[in-house]
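Q: First, the structure itself, so that you have it in front of you.
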Amino acid sequence: MDKVRVRFAPSPTGYLHIGGLRTALYNWLFARQNKGMFIIRIEDTDRKRFVPGATEKLIEILDWIGLDYDEGPYLKMSNVKCQMSKPIIQERGKYRPYIQSKRLAIYQKYAQELVKKGAAYYCFCSPERLEKLRQVQIANKLPPKYDGLCRNLSQKEINDKLKKNFLFVIRLKFPQTGTTVLNDLIRGKVAFNNSLQDEAVLFKSDGYPTYHLANVVDDYLMKITHIIRGEEWLSSIPKHLFLYQVLGWPVPKFAHLPLLLSKDRSKLSKRHGDIAVEDFRAKGYLPAALLNFSTLLGWNPGKGEEQEIFTLKELVQTFSLEKIHKAGAIFDLEKLDWLNGWYIRHKNLSDLTKLCLPYLIRTGLIKSKISNFQFPISKQILNAKFQIIQTGEVVNFKWLTKIVALEQERMKKLSEIAELTKFFFKEPNYERGLLGWKKMTREQIVDNLQFLKKNLFKINKNNFNKKYLEKKILELIKKNNLGIGETLWPMRVALSGRVASPGPFEIAEVLGKDKTLVRLNQAIKTICLILS
RNA sequence: GGCCCCUUCGUCUAGUGGUUAGGACAUUAGGUUUUCAUCCUAAAAACAGGGAUUCGAUUCCCCUAGGGGCUACCA
């Protein structure tokens, strides 16, 4: 078998769609598994939808997610004068995606070749005429289709119109008899009636090719062996197969992926919440979770295998096109959240802390002179000073890891870190009634807090750690017959101000003796204020 | 409308001509000597419907229904 070569071919229309990510991932897995090539090709032939900067963003997000790609502008085509590709991220120093808008001369050449071969023709119909035609056809309940007005123009007519600078497109002269059969890697045999096929535009009047032309030409020139793409392309397979046939090119294998759906089973779109990979990134989803989750949307190892957590490496080994599903899959955020939480829980603590830094800074809890938090963790970060904005106090990275450690198992997304830990950075406000456990009276709460204050005061600063505090306080509670819940709940709330939080001793350790006492005092004062 | 694709718990899915139809997320209940979370245990939860083939169909075939995609000088 020829060396496997696959491509991911997004359009730079704004952002990488989560469905696009899965398509890219499947292609990438297939390439890596077969020691083949994974190529990126930017399909920017629609100038109306082109968004400046989208390509750069796409490359950046692919980089972030960890899908590396191969090959640069190495294709040799001596008889075509045009740029094969242009560097996008030069400092990356590796490979660059192909960009279709830089390859116009190539498509032009093949469009002309198709005309010469009688497989395509010039069409001078105006968009207005086509629109009217379509309206009439729809009104008469006919399938909208080009009526072939320009199909048989004489060479003289064509030359005349070209000379007069009439705008033209080049249309596919699709044979109107027989059937076209595709043997899809995922769906098996799919047959189409040729007479139902429209004569699609291959080359637009603005000098750009349409998808159908550019795609087939590029897949051929780039020697793509397997086309793994979304199911939305299945219907245009006859056009593509016909092009391969008339051009005399070898036909690659096709695998049409099921679509990703929203909760209501419609196509996943922006109305249903975030679908851009960058949105998931901003919210604090980890690449590993996103990748793991995406893979499982439409694929699984089968054979009764019950593993759900996969590293990329494992996926490269076990992935197979044959086990990809045929039915669309709903994108279930809840399961993603669970997976992301799993990856967060299993993350190395200093890595996780570093990932949390931007969120702590963005939400105004701390500030730092460092703004670049790239991996691996540098000495610069380890030695960095962070100022707590509320108190002006300066802390180091290690102190921040302690805070993150306390919330690690509670976090589903990195973005939650700020809300979860903000009581470490500013004194809490005590919600009315929260300081008491069950049906404690205010006097009881105050008594217990006073008791804690008195005893914690006696504990040496150096012993102010979770283990010692826990042992000591529990002993005292027992000795004084105080009740664990009646003591520890008020203490925990006094320190955190929250309904739910880490345990009181853990918080006390991080806060230190002084702040712990201040907060106990504050809590007592609050209750007394209510009492008076 | 036409063409094409699809159909197992709410969701992602495993699975086979004969299974107690398995797992995960979510849900519910209980446990893990204060809360939440984690972790553990348990429960509830599915073969779209109708035919045909067969001793026997969730599994093979047909039809219906439902969902999705395409139907542009968009990709």
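The values are calculated or read from the model by the stated rules, or taken from the named source; none is laboratory data. All values reported here derive from a predicted model rather than from experimental measurement. When we count neighbours, we look across all protein chains shown, and the Cβ atoms used for this are built from the backbone with ideal geometry, even at glycine.
Q: Name the single residue that is farthest from A:Glu199 (Cα to Cα) among those in the stretch A:158-178 being in a loop (DSSP other than H, G, I, E, B) and away from RNA strand B (no atom under 11 Å from the Cβ).
A: The selected residue is A:Lys164.
Q: Determine which member of the set A:Ile507, A:Ile530 is at negative phi, in a helix (DSSP H, G or I) and more than 14 Å from RNA strand B (Cβ to nearest atom).
A: None of the others qualify; the one that does is A:Ile530.
Q: Let me ask you something else. In the stretch A:13-54, which residues are within 15 Å of the chain's Cα centre (by Cα) and over 21 Å from A:Leu259 (Cα atoms)?
A: A:Ala54
Q: With respect to A:Pro252, is the statement that it is surrounded by 15 or more Cβ atoms within 10 Å (Cβ to Cβ) and either closer than 18 Å to A:Arg229 by Cα or of a type in the set (Asp, Glu) (or both) true?
A: Answer is yes for this residue.
Q: Quick check on this structure: which one of A:Phe451, A:Phe397 is free of Cβ contacts under 8 Å to residues at least 60 places away in the same chain and touching a strand residue (DSSP E or B) at 6+ places or on another chain (Cβ under 9 Å)? Talk me through it step by step, then tell me what you get.
A: On the way: A:Phe451 fails: touching a strand residue (DSSP E or B) at 6+ places or on another chain (Cβ under 9 Å).
Exactly one residue qualifies, and that residue is A:Phe397.
One line per residue, one yes/no per condition, for (1) within 9 Å of RNA strand B (Cβ to nearest atom); (2) part of a helix (DSSP H, G or I); (3) touching a Leu at 6+ places or on another chain (Cβ under 9 Å):
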| position | (1), (2), (3) |
| --- | --- |
| A:Arg129 | yes, yes, yes |
| A:Arg134 | yes, yes, no |
| A:Ile138 | yes, yes, no |
| A:Arg151 | no, no, no |
| A:Lys156 | no, yes, no |
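Q: Looking at (1) part of a helix (DSSP H, G or I); (2) within 9 Å of RNA strand B (Cβ to nearest atom), can you tell me which one A:Val217 breaks?
A: (2)
Q: Going by the structure shown, is A:Lys109 among the charged types (D, E, K, R), assigned to a helix (DSSP H, G or I) and at pLDDT 95 or above?
A: yes
Q: If I ask for residues that are in contact with a strand residue (DSSP E or B) (Cβ under 8 Å, 6 or more places away or on another chain), away from RNA strand B (no atom under 12 Å from the Cβ) and part of a loop (DSSP other than H, G, I, E, B), which ones from the stretch A:260-318 would you list?
A: Matches in the stretch A:260-318: A:Ile275 only.
Q: Considering only the stretch A:226-259, state which residues are more than 8 Å from RNA strand B (Cβ to nearest atom), free of Cβ contacts under 8 Å to residues at least 40 places away in the same chain and hydrophobic (A, V, I, L, M, F, W, C).
A: A:Trp249, A:Val251
Q: To continue, here is another question. When the residues of the stretch A:131-151 are narrowed to those that are over 20 Å from A:Lys239 (Cα atoms) and among the hydrophobic types (A, V, I, L, M, F, W, C), which ends up surrounded by the fewest Cβ atoms within 10 Å (Cβ to Cβ)?
A: Here the residue is A:Ala139.
Q: Right, another one. When you look at A:Lys102, is it within 16 Å of RNA strand B (Cβ to nearest atom), charged (D, E, K, R), at pLDDT below 95 and closer than 19 Å to A:Tyr208 by Cα, yes or no?
A: Against the criterion (within 16 Å of RNA strand B (Cβ to nearest atom), charged (D, E, K, R), at pLDDT below 95 and closer than 19 Å to A:Tyr208 by Cα), A:Lys102 qualifies.
Q: Moving on. Could you list, ordered by first residue, the pairs with Cβ atoms under 7 Å in which the first is in the stretch A:118-139 and under 30 Å from A:Leu247 (Cβ atoms) and the second is of a type in the set (Asp, Glu) and outside any loop (DSSP other than H, G, I, E, B), at least 6 apart or interchain?
A: none
Q: Among the candidates A:Leu321, A:Leu357, A:Leu352, A:Leu365, single out the residue that is within 16 Å of RNA strand B (Cβ to nearest atom), touching a helix residue (DSSP H, G or I) at 6+ places or on another chain (Cβ under 8 Å) and more than 29 Å from A:His272 (Cβ to Cβ).
A: A:Leu352
Q: Now for a different question. Looking only at the stretch A:300-307, decide whether some residue is acidic (Asp, Glu) and under 22 Å from A:Lys57 (Cβ atoms).
A: Looking through the stretch A:300-307, none of the residues is acidic (Asp, Glu) and under 22 Å from A:Lys57 (Cβ atoms).
Q: Of the residues A:Gly485, A:Gly512, which single one is in a helix (DSSP H, G or I), small (Gly, Ala, Ser), within 26 Å of A:Val404 (Cα to Cα) and within 13 Å of RNA strand B (Cβ to nearest atom)? Give the derivation first.
A: Values: A:Gly512 fails: within 13 Å of RNA strand B (Cβ to nearest atom).
The match here is A:Gly485.
Q: A further question follows. Would you please list the contacts, defined by Cβ atoms under 6 Å and residues six or more apart or on different chains, that run from a residue in the stretch A:310-331 that is without any contact (Cβ under 8 Å) to a residue 60 or more places away in the chain and on the phi < 0 side of the Ramachandran plot to a residue that is in a loop (DSSP other than H, G, I, E, B) and within 9 Å of RNA strand B (Cβ to nearest atom)?
A: From residues that are without any contact (Cβ under 8 Å) to a residue 60 or more places away in the chain and on the phi < 0 side of the Ramachandran plot, the pairs are A:Thr318/A:Pro301; A:Lys323/A:Gly302.
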